[in-house]
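Let me begin by presenting the structure, written as structure tokens, before commenting on it.
The values are calculated or read from the model by the stated rules, or taken from the named source; none is laboratory data. A quick note: this is a predicted structure, and the numbers were derived from the prediction, not measured. Ideal geometry is used to build each Cβ from the backbone, glycine not excepted, and the neighbour counts take in all protein chains shown. When the accessible area is computed, the model is the full protein with side chains, heavy atoms only, and any ligands, DNA or RNA have been set aside. Shrake-Rupley method; radii C 1.70, N 1.55, O 1.52, S 1.80 Å.
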Amino acid sequence: MTTSAELTDGFHLVVDALAANDVDTIYGIVGIPITDLARVAQASGMRYIGFRQETSAGNAAAAAGFLTGRPGVCLTTSGPGFLNGLPALANATTNCFPMIQLSGSSNRALVDLQRGDYQDLDQLNAARPFAKAAFRVDRVEDIGRGVARAIRAAVSGRPGGVYLDIPGAVLGQAIEAPAGAGSVWRVVDPAPRQLPAPEAVDRALEVLGQAHRPLIVLGKGAAYARADDQIREFVQASGIPFLPMSMAKGLLPDSHPQSVAAARSLAIARADAVLLVGARLNWLLGHGESPQWSADAKFLQIDIAASEFDSNQPIAAPLAGDIASVVSALRERLTARPVDVPQEWIDELARRRASNDAKMRDRLAENPHPMRFYNALAAIRSVLHANPDVYVVNEGANALDLARNVIDMELPRHRLDTGTWGVMGIGMGYAIAAAVETGKPVVAIEGDSAFGFSGMEVETICRYHLPVTVVILNNGGVYRGDEKPTGDRPAPTVLNAGARHELIAEAFGGKGYHVTTPEELRAALAAAVASNGPSVIDCALDPAAGVESGHLANLNPTSVATRVNAGA
Ligand code: ADP
């Protein structure tokens, strides 16, 4: 190329385009053809967090998207690296988290004729079913446009995962610097407000006004929407009891008098008008079906994706729009159309809440040896109670189900868990993103099986000296660790009995603790959180603690033939 102007290239333009759109962090793993991209990003002042497996990097990007409201970016190599990122891309899309998987790819001419290039794969088409949108940039001058499209697609409307493919040849392509600078732009208002129709607002208030037992369900879409003040004002002004989905815990404090989290099944079974706020009526809510729900319950739904309405039950009052705008409109019209919540309904819920709270207190006060889930969680709860600004990451079966109920949240967007899919393996990626994006301490409460899916990222946590404490509730198995072997072969649910997971932290320069009593766990966790550094606490539980499939035993088919033939 003969030119008098300064040159730039694809690597620099990707970084410039991301920076122009406020991306300040990239999560990824380097390799052909994107190693220089990470270097250029870092040299420009961007934060680069290098992982040990791409799924965790992608999960970190997705969690960053949820926590910041801006797309988290995950960088992957061609072929297998790209494929490792896909589960996270799919999970981000499923959970409505804005995320961009930016991947290098092999030589297009060789891939398309299937000539056997290094790590060749038709990545764009492979990514499509798992992404909200998928794009490829084929010319260096289109990099700014491609990044703008990816940003817009990730955060506008219902957020999701976006795949952006950039072949290595395009990254390496040079272009005159002024032309390059002119090809990059900042997306204006990437997630525009969407106001509800006034008649939709009045219809909703009319349905709520006629109800005898109204209920508000807050979902993680409400947490994502950052409409904390508007939601609190509407909930309090209406007096309607509310139920948080797990990642909406803390949007209003779990200690709030209108929370009916501790009377969940009664609230669901008896409510006659249910306002869903950023929550889908999917399996997590029993699809809105009876007998879990009252057969004559009317559903109202606030969602930015109008196609969500009627996906499971008739929606008597659809409210299409962004949650902040819709809830503000509801609050404004509430004075003209007040909702009267009957005292009997409030009292009925309060009685159930008090009796369930008492049962929970008794369970937490037990002190069996070896330790079981509730006793360990009681210790964790007391430390977190004293540190309400800690971010909580939670995965496992029993470790998830029980921690969700035992650990109260007081602040919004401080709980990240297995989400819409109930997926295992998000733990370390989410924990790293929470620490990196907020700078606050993070406690990951993990089942020992769940931890195994992303456990190598403890090295990442130690390398960046992140304030992450991983508590492993170790009962030595998937669900539990006491299933009898068949001959000399371990049972399918059994893992290494007595494994000392804390040594993983020590291998990489972190602090390890092994605890066998609630007192030891409380002391170790308090010290670990106070240290502001990386720690792993292996918490030895009774291998017989836990139930198969946690709270989802109803979803788990078991072999009829095995039982019948055994005469059971
Ligand atoms: P949960 O699992 O907590 O019940 P879901 O992930 O099922 O929550 O539902 C979240 C819903 O929130 C999705 O249907 C999504 O379209 C919606 N949503 C996300 N962001 C917004 C927003 N800013 N305004 C309105 N709805 C939103």
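Out of 216, 166, I need the residue that is surrounded by 23 or more Cβ atoms within 10 Å (Cβ to Cβ), among the hydrophobic types (A, V, I, L, M, F, W, C) and away from the ligand (no atom under 16 Å from the Cβ). Which one?
Numbers: 216 fails: away from the ligand (no atom under 16 Å from the Cβ).
Exactly one residue qualifies, and that residue is 166.
Yes or no, residue by residue, for (1) of a type outside the set (A, V, I, L, M); (2) more than 23 Å from residue 9 (Cα to Cα); (3) open to solvent by less than 70 Å² (accessible area, probe 1.4 Å); (4) more than 16 Å from the ligand (Cβ to nearest atom):
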site: 116; (1), (2), (3), (4): yes, yes, yes, yes
site: 122; (1), (2), (3), (4): yes, yes, yes, yes
site: 134; (1), (2), (3), (4): no, no, yes, yes
site: 138; (1), (2), (3), (4): yes, no, no, yes
site: 149; (1), (2), (3), (4): yes, no, no, yes
site: 177; (1), (2), (3), (4): no, no, yes, yes
site: 190; (1), (2), (3), (4): yes, yes, yes, no
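Quick one: in the range 482-511, which of the residues that are closer than 17 Å to residue 376 by Cα and not charged (D, E, K, R) is modelled with the highest pLDDT? So the residue we want is 501.
Output yes when any residue across the range 481-497 is assigned to a loop (DSSP other than H, G, I, E, B), of a type in the set (Val, Ile, Thr) and open to solvent by 50 Å² or more (accessible area, probe 1.4 Å), and no when none is. No: zero hits. Checked against (1) among the aliphatic types (A, V, I, L, M); (2) at pLDDT 95 or above; (3) in a helix (DSSP H, G or I); (4) out of contact with any Ser or Thr (no Cβ under 8 Å at 6 or more places or on another chain), residue 409 passes all but condition (3).
Can you name the residue in the range 321-344 that is surrounded by fewer than 18 Cβ atoms within 10 Å (Cβ to Cβ) and among the acidic types (Asp, Glu) and is also nearest to the ligand (Cβ to nearest atom) among such residues? Applying the filter and picking the extreme gives 332. Within the range 282-320, the residues that satisfy the criterion of being within 22 Å of the chain's Cα centre (by Cα), open to solvent by less than 40 Å² (accessible area, probe 1.4 Å) and either under 18 Å from residue 240 (Cβ atoms) or within 9 Å of the ligand (Cβ to nearest atom) (or both) are 282, 285, 301, 302, 303, 305, 308. Scanning the range 345-358 turns up no residue that is open to solvent by less than 60 Å² (accessible area, probe 1.4 Å) and assigned to a loop (DSSP other than H, G, I, E, B).
Report yes if some residue within the range 359-370 is of a type in the set (D, E, K, R) and either within 16 Å of the ligand (Cβ to nearest atom) or in contact (Cβ under 8 Å) with a residue 12 or more places away in the chain (or both); otherwise report no. Give the steps one after another, and end with the answer.
Step one: list which residues in the range 359-370 are of a type in the set (D, E, K, R), which gives 359, 361-363, 366.
Checking the rest, the ones that are also either within 16 Å of the ligand (Cβ to nearest atom) or in contact (Cβ under 8 Å) with a residue 12 or more places away in the chain (or both) come to none.
For the range 359-370, residues of a type in the set (D, E, K, R) and either within 16 Å of the ligand (Cβ to nearest atom) or in contact (Cβ under 8 Å) with a residue 12 or more places away in the chain (or both): absent.
From the list 255, 246, 238, the lone residue that is more than 10 Å from the ligand (Cβ to nearest atom), in the same structural domain as residue 344 (by the TED database), under 24 Å from the mean Cα position of the chain (by Cα) and of a type in the set (S, T, N, Q) is 255. Of the residues making up the range 422-472, those that are open to solvent by 10 Å² or more (accessible area, probe 1.4 Å), of a type in the set (Val, Ile, Thr) and part of a helix (DSSP H, G or I) number 2.
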